[in-house]
Each structure stands twice: as structure tokens, then as C-alpha cells.
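Visitor: Below is one structure. I have some questions about it.
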Amino acid sequence: MMVFFWRRLRYFILTLVLLAALQGAALAAPQLSGVRFHSEAARDRVVLDLSEASDYELDKAADGKRVTVVLKGVRAGRSLKQPMVTGKRVKGVRWSASDSEVRVVVSLATACKASIGQLKNPPRLFLDLTDPVAAGTARKPAAGKAAGEAAAAEKTAAAAKAAAATKAAAAAKAAAAALGLPEGTEAVQLAAGLMRFDYHVWQDDGWVTAYFLDVDPAVYRLKVALGGGKIPGLATTSAISDSVNAVAAINASFFNWNGDLIGVTKTNGEVVGTTYIPRSAMGILPNGQAYFGTVTYNGSVTIGGVTQYVGGVDVERGTDSLVIYNRYYGPRTRTNEYGRELTVVNGRVTAIAAGNSAIPADGCVISLHGAAADIYSQVQVGDAVTIDETLGAPWDRATEVVSVGPSLLKDGVIHVTTAAEQLGEIDRHREPRSAIATTTRGTYLLAVVDGRQQSSHGCTLTEWAQLLKAFGAKDALNLDGGGSSELVAGGQVLNSPSDGRERGVGSAIVVLHK
């Protein structure tokens, strides 16, 4: 007994030593302690205060409107806060941290030239953002004929680059105007059948910044993808996009902390989330057509002539309830031992257990608790099972369904249904928002508006509906918002999530090549 005690004590001490060592290593790593900002006529400058010098990389977006400073081996200081800055060129600055680096993302109002330098005593980095033409003429020419020629060539190249950027910006504005989009919009063709609209406008009480993807259904299709590929599962929208090699993606469903989806959800023709509250939804029919309306799940199980209603699909089992778990819930039900579970394959009970049953790839598990379990207490292996599930027409034919809400537009008319869907609490303030829509142009529209930051104060749901209509939306569904709002194209996060980093979400709507 004493030997066991000393072994446990030694293990405990070694664990404490290891934790102390890890904590010491974390504290020893360079830290980002502050982010400062200064704006003047010639430039905008972002200053990063560090505890010691560190390696860094400068990553520039192709359109020149986003610059990322990657601080290698650096941790975020405990008192570091998200900066609330804006300037002539800078719309906002946000940082995010992982165990191995800190990323500082600077969003720009116009394409700029970015240069970075390092200072000592105290250690800090500075990022200078200048107008392309000014940047090309700012350097002093070196002495000598060769140096003069090099300087002239560099000046010519910088001027050409600036002219190209100016031409591209003018073309983007002209494209937006040709489509009848609101002033303050730039339209860029990302690929055949895929347009990006960037909207950045100063209103009387602050900036509004929104991003839209206009998707041609003749080239692309929409699909629901799950966080981590299962229920429950959480992953960032960009990770979900990458996991299915999507062209673009937007966050979708409401979800619980563990990744369970809240709302009727269907992927590949199979129900993976339910609710008994009628909610606005979008479905994708087999011909690729999007359908908007209200959907409700109804399900029942019949064994031995006795029928019980389904309490949910791929959700946590409640008291006295019947829940169905299918292959999207993962390998096992993860339920406790206080229930009764019937494994069903090809309409027959193949196994019976108390909990945590294996979920067959070609069947499901009917999980019962309390009164629901008592009703089927005499069921045996081999008994016939009938499962009836319906969402109503045309939802039963839809291959993909996302039920979130409220509705924002119906047939081109603003139609915000917060009261009918018991969602009034999400419309108390201006917030970051996401939406999926179809347009009068016959395209899909994926949209986000940033909020809770100086570069964009967000929208109420009515304001969001009005903005979507201005971009041609005909029917529109509000998606999960707040820190979940995120729009990705080509693996790049287009907007600035309000958490300062990407949030794990339960599902996303992804854009795939046909």
C-alpha cells in the first residue's frame, strides 16, 4: 500500500514539475504586449510592442486590401486587447493567437503599399501603409549612374503598379455600377461564375463594411457541410471549407456549445438536426433550385403496432424521450447507461443495449429513456421497425436544408419574421450578420456584415434585409451571426470576425464546382 502511495506521490510531483516547466516555457516566449496606431497624411502606422525581438513574416493579399503580420514563436500578452482603430487607409486591426504564433490582420480601405521594420530598446515592429504612388516616389536616389538608373526603373515600376491598382479599383467600381449596386461597392470577378462585392460606407453614425459573393448556379452548387464532418462537431468556417475543397463557404446553423445543431438540417438527403419550432429555412432541390420557406420536422417510430414520436435526430437525449442517431453522429451514441437503445438495420432490430451503442453506417440507433424506454421494454432482436420522417413538401425532396431564421426577404419584399419564430432576442442591437439569398439576377448570394468594431457597427435585421435587397436579393434567410459570422473565398477569410479570430461553428454552407 505504501509503495502505491509513493508511486502516486512521485507521479504527482513529476506532473507538477512538467506543468511548471511548460508554464515557464510559455512565459519565456516573446509576448505581444500592445498594438498601437498612428495616422497621418503620408502614411498609417501600426506599431507592435514586444517583450523581445522575434521572427516575423509579412503576408499581403492579392488585392492589396489586407496585410497580415505573422509573429513566429510569439504569444499574446494576458492584458492584450483588440485595438479599436481606423484611419485614412486602415479600416481595422485584429489579432489572433495560437500556441506557436500571433497573427495581426490589418484590413485596408484601399490598396496600399506595406513595409515593415524592427526597432530596439524597447523591441517593437512597425508596419507602414502608404499610398502606392507616394511610396514609389519617397525613396532618395542612390549616387552614381547605375544607381540612378535603378532608382528610375524602380520608380517607373512602382508608378506602373500604382496605375494598375488604380485601374483595377476603377474597374471594380465600374463593374459594381454596371450591376446597379450601391455606391461604395467594388465588384471583382474571382472566377467564372463567381463575383465578389466589397461594401464600405460611412453612415451618419459610423462605418458599415459588408462582403458578398455572387454565385452562378450554372457553374456551382450549394451544400451543407458539418463541423468536423459529424454531429456534434465544431470547426472554423475556413476549416470546413478546406475539408471539402470548397470554392467558398459561409457559416450556417445555430448550434449548442458542443456542436449539436439547433434547427432542421439536412445533408446528402439525410436529416442531421431537428426542431419542433417552425423556422425559416433554405432547401436545395435535386435540380439545384433553392427554395425558401418554413420547415418543421415530424418523425415517428412504430414497433409491434406501437408508435412513438421522435424527440430529435442527432441531438442529446432528454428525459423520457426517443432520439434517433444516424451515421452523421459519429461511431457511437455516447449516451449513458440509463436508457435502452435499439440498433436498426434494414428495418429490423439487430442489437439492444443500455447506452453508448455503435451506430451502423447503413442504419441507425433508436435511443430511449424513461417512459419512452418502458413502452418498448419487450422489444427483441429481429423485431420489425418502421421509421417515418417528414419535413413536408417540397422539403422531403430537398437534398440540403438549413433552418436558421428569421426570414429577411420574400419575393423581393422585406419580410423579417423574428416574432413569429421566437427570435426577438437576436435583434436587440446592431450586430455582425450572415445571410444566404437568391437574387433577381438568378444567382446565389452569400453575405456577411461586420459588427462590434470601429470599422463596422453591424446591422439590425431590418437594416440587414434592406442592404441585401440593395444587392439584388429576392429571397433571403438570416444565418447565425455575431462572432460566428464569416465568409471565406479561395481559402481566405474575407471579413473581420468580431471575436478577433475565427470561431468554431457547427455547420457551413459551401460552394462547390458542379
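Just so you know, all these numbers are worked out from the coordinates, no wet-lab data involved. If you're wondering where the values come from, they're calculated on a predicted model, not measured in any experiment. Glycine gets a Cβ as well: all are built from the backbone with ideal geometry, and neighbour counts include every protein chain shown.
Visitor: For Ser300, what is the net charge nearby, where nearby means another residue's Cβ is under 10 Å from its Cβ and Lys, Arg count +1, Asp, Glu -1?
Guide: It works out to a net charge of -2.
Visitor: Could you tell me how many degrees, from 0 to 90 and to the nearest 10, lie between the Cα long axis of helix 145-178 and the main elongation axis, the longest principal axis, of the Cα atoms of the chain?
Guide: 40 degrees
Visitor: Calculate the spin-label point distance for Val413 paired with Glu183, positioning each point 7 Å from the Cα along the beta-carbon direction, and give it in nanometres.
Guide: Here the modelled spin labels are 3.0 nm apart.
Visitor: Once phi is turned into θ = phi - 60°, what whole-Hz ³J(HN,Hα) does the Karplus curve with 6.51, -1.76 and 1.60 give for every residue of the range 195-202, x standing for Gly and Pro?
Guide: Using θ = phi - 60°, the values come out as 10, 10, 10, 10, 10, 9, 9, 8 Hz.
Visitor: Let me know the shape class of the chain, please: from the alpha-carbon gyration tensor, a ≥ b ≥ c as square roots of the eigenvalues, rounded when a/c is under 1.5, otherwise prolate if a/b is greater than b/c, or oblate.
Guide: Judged from the Cα gyration tensor, the chain comes out oblate (a/c at least 1.5, b/c at or above a/b).
Visitor: To test your reading of the geometry: what angle, between 0 and 90 degrees and rounded to tens, separates the Cα axis of helix 461-470 from the longest principal axis of the chain?
Guide: Taking the Cα atoms of the chain, the angle to 461-470 is about 60 degrees.
Visitor: Once you have a ≥ b ≥ c as the square roots of the Cα gyration tensor eigenvalues for the range 298-390, tell me rounded if a/c is under 1.5, and otherwise prolate or oblate according to whether a/b is larger than b/c.
Guide: Here the range 298-390 falls in the rounded category.
Visitor: Find out how many positive minus negative residues lie around Lys81, taking Lys and Arg as positive, Asp and Glu as negative, among other residues whose Cβ is under 14 Å from that of Lys81.
Guide: Net of charged neighbours comes to +3.
Visitor: Relative to the longest principal Cα axis of the chain, at what angle does helix 2-28 sit, 0 to 90 degrees, rounded to 10?
Guide: Roughly 30 degrees between the two axes.
Visitor: Mind ordering 473-484, 378-389 by average Cβ neighbours within 10 Å, highest first?
Guide: By packing density, highest mean first, the sequence is 473-484, 378-389.
Visitor: Mean residue ellipticity at 222 nm from the helices of the chain, using -39,500 (n - 2.57) per DSSP H segment of n ≥ 4 over the full residue count, to the nearest 500 deg cm²/dmol?
Guide: -5500 deg cm²/dmol
Visitor: Could you compute the net charge surrounding Ile426? Neighbours are other residues with a C-beta less than 11 Å from the C-beta of Ile426; K and R count +1, D and E count -1.
Guide: Residues near Ile426 contribute -3 overall.
Visitor: Using a Förster distance of 30 Å, how high is the FRET efficiency between Ala218 and Thr460, based on the Cβ-Cβ distance and rounded to 0.05? Don't jump to the answer; show the numbers that get you there.
Guide: Values: r = 34 Å, r/R0 = 1.14.
Here the calculated transfer efficiency is 0.30.
Visitor: How big is the Cα convex hull of the range 28-137 in projection, averaged over all directions, in nm²?
Guide: Values: hull surface 27.3 nm².
Its Cα hull, projected and averaged over all orientations, spans 6.8 nm².
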